[in-house]
Every structure is written in C-alpha cells, then in structure tokens.
Amino acid sequence: MVYRSVNRDGQTFGLDARSVERVREGFSDRVRVHPRVFIAHDRKAAVEAVDSELFRQVVQLLTGVSLERLEQSFGQISLLDSATEQLIEPVDR
C-alpha cells in the first residue's frame, strides 16, 4: 500500500506501517525501506495525475525493490490518496 498526499509544491508518497513490515519480512536486510519520498513539481497540472513510470520509480525508492518483484511476492501494489482513501490509477503517458 502506497499513500499519496499533494500540496502546492508536489507530492509525498509513503508506505503504511503494515507495508513497511511486509517488505522487511519478505526481503529481510537486503533492502532499505524509506517511509516517505517527496517529488516536487513546477506545474500544478503535474500533480493531478500519477504517471505510471513515476509510480514505478517511487515504489523502488520507498522499498529498495522493483515494482515487478513486489507484485510477484505480494500481488498488486495499490496507490491511495491519503486524504480521501480512494484508489489512484497511475496513467501511461
């Protein structure tokens, strides 16, 4: 589970506590899990949608594991808006 929050400068992505534990248990000390990553944007339009490549890179930064490897181990990785708890579908550009 990856959460996203938005402010005027960009987006913060973070893992929920359960996801942090699952990644640590599944990949032991081979990974460094980071609880949050901030991505700054110079245009408001850039924060309205989440690009699928950006999502892939953010997941790698947060977990130290590729999105593909995480999905092989845990199934689909969801992206949720932290304010509304609604699912966000990354878009291809």
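The values are calculated or read from the model by the stated rules, or taken from the named source; none is laboratory data. All figures in this text were calculated on a predicted structure; none of them were measured in a lab. Using ideal geometry, Cβ is built from the backbone for each residue, glycine included, and neighbour counts are taken over all protein chains shown.
Summary table below
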quantity: Subset of segment 74-91 (residues that are surrounded by 12 or more Cβ atoms within 10 Å (Cβ to Cβ) and either closer than 24 Å to residue 30 by Cα or touching a residue at least 60 places away in the same chain (Cβ under 8 Å) (or both)); calculated: 74, 77, 78, 79, 80, 81, 82, 88
quantity: Looking only at segment 74-93, and only at residues there that are within 11 Å of the chain's Cα centre (by Cα) and within 14 Å of residue 53 (Cβ to Cβ), the one that is modelled with the highest pLDDT; calculated: 79
quantity: Residue in segment 5-25 that is part of a helix (DSSP H, G or I), at pLDDT 90 or above and aromatic (Phe, Trp, Tyr) present; calculated: no
quantity: Qualifying position, being of a type outside the set (Lys, Arg), under 22 Å from residue 92 (Cα atoms) and not in a helix (DSSP H, G or I), among 57, 76; calculated: 76
quantity: Test: residue 39 is touching a strand residue (DSSP E or B) at 6+ places or on another chain (Cβ under 7 Å), part of a loop (DSSP other than H, G, I, E, B) and within 18 Å of residue 4 (Cα to Cα); calculated: no
quantity: Tally of residues being polar (S, T, N, Q) and either surrounded by 14 or more Cβ atoms within 10 Å (Cβ to Cβ) or free of Cβ contacts under 8 Å to residues at least 40 places away in the same chain (or both) across segment 64-73; calculated: 2
quantity: Criterion (surrounded by 12 or more Cβ atoms within 10 Å (Cβ to Cβ) and in contact with a strand residue (DSSP E or B) (Cβ under 6 Å, 6 or more places away or on another chain)) met by exactly one of 61, 54; calculated: 61
